[in-house]
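For reference, the structure is listed below as structure tokens.
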Amino acid sequence: MSIGIPGIRDANSETLSGTKTLTLNDARTQILDPGGAGRQLTLPAETNGVELIVSNSADASEDITVKEDGGSTTIVVISQNEDAFLTSDGTSWVAVLSKGAT
């Protein structure tokens, strides 16, 4: 028998230099600095029950545009000091944006 919460993985913190593509094996919490420019984050394929948290840790006005796995549909744009909670029902992604302190 395992202990802990199923599906929880360590957080990933990184500075981006281009588009980042997530897989189902990546950390469920992503703390991302766009690294001086707006960047794109591509989600994994829609999978029922998958939940992600993405935080924009930019030190300037740099957005992270989150797109579905095909890369054509924007799910949410996360601005500096904002977080997004994303969940999938197996068919689509839904995002709830949380504004950071100003």
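Scanning region 55-79 for residues that are more than 13 Å from the chain's Cα centre (by Cα) and surrounded by fewer than 17 Cβ atoms within 10 Å (Cβ to Cβ) gives Asp59, Ala60, Ser61, Gly70, Gly71, Ser72, Thr73. Is it the case, given these coordinates, that Gly4 is exposed (fewer than 12 other Cβ atoms within 10 Å of the Cβ), of a type outside the set (D, E, K, R), at pLDDT 95 or above and not in a strand (DSSP E or B)? In short, no. Determine whether region 53-70 contains at least one residue that is touching a residue at least 24 places away in the same chain (Cβ under 8 Å), on the phi > 0 side of the Ramachandran plot and part of a loop (DSSP other than H, G, I, E, B). So far as region 53-70 goes, no, none of its residues is touching a residue at least 24 places away in the same chain (Cβ under 8 Å), on the phi > 0 side of the Ramachandran plot and part of a loop (DSSP other than H, G, I, E, B).
Considering region 47-72 alone, what residues qualify as being among the acidic types (Asp, Glu) and within 16 Å of Leu22 (Cα to Cα)?
Glu51, Glu68, Asp69, listed by residue number.
The values are calculated or read from the model by the stated rules, or taken from the named source; none is laboratory data. Only a predicted model underlies this, so the values are computations on that prediction, with no experimental measurement involved. Neighbour counts are summed over all protein chains in view; Cβ atoms, including those assigned to glycine, are modelled from backbone coordinates with ideal geometry.
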